[in-house]
Structures are given as structure tokens and as C-alpha cells.
RNA sequence: UGACCGAUGGUGUAAUGGUAACACAGGAGAUUUUGGUUCUCUUAUUCAGGGUUCGAAUCCUUGUCGGUCAACCA
């Protein structure tokens, strides 16, 4: 494709804003974004969208991105989360210009608050939380002024200092901005900007007992760092006028806030609160349970950073609510894994069928060479052992097959992947009528790669050598929830958990998997990766995602 | 029913007053030693009414529907 015919990719609305600002020389042609997680939980795919957006924008337009922890609430925050967040951002493939903390600015923020008081734009309120809430009014009725609203500047200054000095207990007083109790924007009704919390902070320790609220920390932090584009999700739209109001009254660097629609995925919850609940109530094994939409979960599941970045690219960025089909994520994962995954043969059925090749000499074995990845011939090949007795999937045999069943059936011929064509001659059953063995004959001239038999078969199936098969544990995951749209679902979200989201099977793998590492395609089955629960004598694989299966889909339709 | 935000195939995202397109999903076929991959073809879209205009998904207006906002959370 030439440069001229190459399609120009259209810009999303944020790229347009950035291009415009850069063109007009705003902020001196500088671009600085930030990714501002609160260290009170693990990152999930929704954060991945935000990370790709913030870091991606900076990358594309020659800017930079800060990683800033929004750590203004010491009660819920912890260094455990700081560490996991940093690891997740790096894993996704991004490097920040600076690692910063809102708590770095506590002293500066305190001065900002005093400045507001001095302008008569903030006051200390002794009301209880309940009183403040009831004075707030409702979206359709104006609020009432607090009885403490008209304190003098001097008194406010003294009380605020007292708050800082630890003279008052938690909850006894707050600092409020003095704006407009009748504003149609609830956030303008004298928002609380500082509260007392005698709590240990993960970074500042016991240095502070007053902590700024989000609205008095986030925009100011952006401004201190001279963030040019502060990108957040839609629910912060009503905060924007407040964000601008503080910057104007404080007369500090004018960062600007822009909002985009958060990611929603079908069959998934994407809220830190709900994910935390799943972990704490034991519905999953932890934040990194492979069924979780957390970055640590999908990583353990075998998703690659490339696939997630591709996904974030494909879902786009806009301002309308969305619900993305989880099938798109799976598409992205398959697309990447198809290119990189080593192919191996594993019989997943814990109760496989033994196939005896009756015309293959007893005791004889031979090594057959099989390609590691047809998509990447340079990945070379490996040997697998063939012998008189092999194991195949029970579902690859049918005694009375429908037409178009291309696998094993009485009188049918199939190709054993990388080996020979065999024909099924006899079905052996136990007293209950259950198939225990298939007696087949192989075609010696049909050896893979040097087939002179002239035979054409419709199906190829995978197999493992019975004598040397390696027992492994395989964890098959299904969607965590049974309903597509959790936001629309009735009742508690946990009522819709899928009881079959994890199935553990004991499978039979080709011996090459003994030294497993990385990502595999189990031929005809899906993509799998070694789980961290594995030990040298007990290998455990996670199914990342299944292969597309048009046969199964056709069967389902009928 | 106060303010704010939004509405384009099944799902997302484009089209920036000039032929409604791309991806996923769906369907049909070809290729294939994975019923995978790849390739070809294909179904399906502007919330409604009114207005401006030679021309409207786009601008104006009214309405409808959806979302957000009343934490000493972020």
C-alpha cells in the first residue's frame, strides 16, 4: 500500500483537541498528561483504556505522561496497591515521566486553602456531616446556608490552623469553599474541601491529620505539575466548573479537564468496589484470579499487553455510554496469540479413548517432526513419539456420526496430526456399552511430510502417545457472569455469577510440555499458558481463550 | 423532571454542510495435515417532528429516550 492510498485514520475527539491546542501554541506547544489512580485497589481493563489514552496521546504528539497517585484518603490506601499499579502500567508497556503523589503537595495544598480563606472564599464549618447533607438541598431545591458560613477571615484562619494542629477530633469540623448554596450544580453548594482524619498515611505517616478532598486536590495537583490535558471519565463532568473555579481563584496554571466514556464490557463488572467485593467475599481466588478483568487477572490468564493495547485502540474513544462485546477482546487476544503461540498437542478429555494401531508393531516407536507454529516457520519443529497405542479426545469419535462429521467413526479415515492416516476398524466397549478402545489400522505410506498414499481425508485430529503422555492440570475458564449487561440486571450483581466459570480437568499432554513456559496453542483447543500455581511436578495450564469453533457453532444451531 | 452530558447497522467507532464507512459479530464460499489461520463475497445504520440550505448524520428548534449529579470517596 503506497503512502497516497493509505487510509488516513480519523482522530478521536481528544486527539482533535490536542492537535488544535498544539497548532495554536497553547501551553507553549507542550503536552503533558497524567494517569491518576487512587492506590486503593488493582487496575482493571477500564484503567487500561485510560492508560492507553493518556500515554498514547503523549506518545503520538511528542508529550509526556506522569503517573500520579491520588492518595488523599489515608483510610483506604496502601503501598501494596502502589506497587501493583506500577507493575501493571509497566506490563502494559508504558513508562511515566515522573512518579508523583498528591500527598507530595499537602503543604502546598494547605497554603492554597489558606489563600482561599483570606479571600473570603472558604470557611470552617462545625456542622455534623448529617447537617451538611441536609442543608445541601436536592437537585431541584436550593440548599440552605450553614450557620457557620459568615465567620470572619481571622476566625476561619485560626480554626483551620487548629484543625491542622490536631486540636479537634475527626468529623468535628471541615473546611468548605464558599460558593453558592443555590447553584443548580450540586458541587457548587459550598463543597467540603478539607476534613479531619487522624489516620496514618502510607507516605506522609502522621504528619497530617487534615486531608484535602478530591476536588481540592486533583485540579491543583494537575496545575502544580502543569498538566495540559487532564483526562477523566464522564462522571466528573459536573466537577469541571469547580475544577476551573479553584484554578481561577487561586490564580494558578490553567490545566484543563476533558472527559470520555468509561469502558463497559459484556458479562463483566468493571468497578473497583465490585471487584473488591468479589475478592473479599471469596467468589474468586484473588485480584489476579484469571477470571477477573483486572490487569493482573488477564495477565495470569495469558492475555498479552499487545492484545490489550490493540483492543483499546479498536474500541475507540467517545463521550457516549458503551457496552463493548467481550468477543472483541477475545478476538484481539486470538489474533496476537495466533502469531506467537507454540503449537502442542494435549488431549483435554480426562477420560480419553485409547486407539490401538493394530498393524503397527508392538514395542516399536518412532519420532515424528512437527512444526512449532505454521504462522512462524522460523520457529522450527520438535519431535513427538508415535507408537501402537495413543490417546484421542472422546469427542473426536462418534459411533453413529452425522454427515459432515470428519473425525473418527467406524470405517472412517482421519489424519493424526503430524503422523499417519488411520482407519477405524473396530469399536471395543465395556459391559455398560461405553467405548473403551478403538482398533485402527494405519497407512504406512501416509507419513506426514512424505505421504505417497494418495489418500485424501477430510479431518485431522490431535493425539498423544499413551505410554509417555504427561498428566497436567488444565483450568478452563468461562465468563464470570451469566448476564450480558450487569448494569441492567435485576438484583445484586453477585446473583448473576456464573457457577461454572471454572472447570478443572486432568489432561494428557505431549512430553515436550515438561519444560513449559509462555504461551501455547493446544492444537484444535485454544490458547493456554502456564499458571503461577504450577510446580515442577505439577503443571497447571490456564485456558486463555478457546479457538473459534465453527463445527461446534453449527452443531449448536441444529 | 433542576442542571449537565449523550443519541449513526446486533456491538463499537468514523464521516467536521456534498456518494453513510471501518472493525467485531452474523451469513455464503474458497484454501487448509488445526472444523484454527488466510482469502473472497455478503446481510444490516443516521431517535422523532419542524426549520435553514441547491444539498443535513452534521446547523437551528421542539420533543422523546438514555446517562450523570444531592460521600467529611475518588
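Within the stretch A:519-540, track down each residue that is surrounded by fewer than 12 Cβ atoms within 10 Å (Cβ to Cβ) and within 16 Å of RNA strand B (Cβ to nearest atom). Can you show your working first?
Filtering the stretch A:519-540 down to residues surrounded by fewer than 12 Cβ atoms within 10 Å (Cβ to Cβ) leaves A:532, A:535-538.
Within the stretch A:519-540, none qualify.
Kindly provide the set of residues from the stretch A:424-447 that are without any contact (Cβ under 8 Å) to a residue 12 or more places away in the chain and under 15 Å from residue A:354 (Cβ atoms), ordered by number. Don't jump to the end; show me each part of the working.
In the first step, residues of the stretch A:424-447 are kept if they are without any contact (Cβ under 8 Å) to a residue 12 or more places away in the chain; the result is A:428-434, A:445.
Across the stretch A:424-447, the qualifying residues are A:428, A:429, A:430, A:434.
Which of the residues that make up the stretch A:249-289 are touching a helix residue (DSSP H, G or I) at 6+ places or on another chain (Cβ under 7 Å) and within 22 Å of residue A:503 (Cβ to Cβ)?
Start the filter on the stretch A:249-289 by keeping residues that are touching a helix residue (DSSP H, G or I) at 6+ places or on another chain (Cβ under 7 Å), which leaves A:249-250, A:252-255, A:257-263, A:265-270, A:274, A:283-284, A:286-289.
Matches in the stretch A:249-289: A:265, A:266, A:267, A:268, A:269, A:283, A:284, A:286, A:287, A:288, A:289.
Let me spell it out: the conditions are (1) more than 7 Å from RNA strand B (Cβ to nearest atom); (2) within 37 Å of the chain's Cα centre (by Cα), and residue A:177 meets all of them except one. Which number is the exception?
(2)
What's the total number of residues in the stretch A:193-215 that are within 10 Å of RNA strand B (Cβ to nearest atom) and in contact with a helix residue (DSSP H, G or I) (Cβ under 7 Å, 6 or more places away or on another chain)?
The total comes to 6.
Looking only at the stretch A:456-477, count how many residues are without any contact (Cβ under 8 Å) to a residue 60 or more places away in the chain, surrounded by 13 or more Cβ atoms within 10 Å (Cβ to Cβ) and more than 10 Å from RNA strand B (Cβ to nearest atom).
So the count comes out to 0.
Among all residue pairs at least 6 apart or on different chains, which show Cβ distances below 6 Å where the first residue, located in the stretch A:319-332, is at positive phi and the second is near RNA strand B (Cβ under 6 Å from one of its atoms) and at pLDDT below 95?
Close Cβ pairs (under 6 Å, with a partner that is near RNA strand B (Cβ under 6 Å from one of its atoms) and at pLDDT below 95) do not exist here.
Which pairs have Cβ atoms under 9 Å, sit 6 or more apart or on different chains, and link a residue in the stretch A:197-221 that is over 28 Å from residue A:257 (Cβ atoms) to one that is in a helix (DSSP H, G or I) and more than 11 Å from RNA strand B (Cβ to nearest atom)?
Close Cβ pairs (under 9 Å, with a partner that is in a helix (DSSP H, G or I) and more than 11 Å from RNA strand B (Cβ to nearest atom)) amount to A:207/A:106; A:209/A:164.
Out of the residues in the stretch A:386-398 meeting the condition of being surrounded by fewer than 17 Cβ atoms within 10 Å (Cβ to Cβ) and touching a strand residue (DSSP E or B) at 6+ places or on another chain (Cβ under 7 Å), tell me which one is farthest from residue A:461 (Cα to Cα).
My answer is A:389.
Determine if the stretch A:494-515 includes at least one residue that is at positive phi, loosely packed, with under 14 Cβ neighbours inside 10 Å and either without any contact (Cβ under 8 Å) to a residue 40 or more places away in the chain or touching a strand residue (DSSP E or B) at 6+ places or on another chain (Cβ under 7 Å) (or both).
no
The values are calculated or read from the model by the stated rules, or taken from the named source; none is laboratory data. Because the structure is a prediction, the values reported are computed rather than measured. Note that each Cβ is placed from the backbone with ideal geometry, even for glycine, and that neighbours are counted across all protein chains shown.
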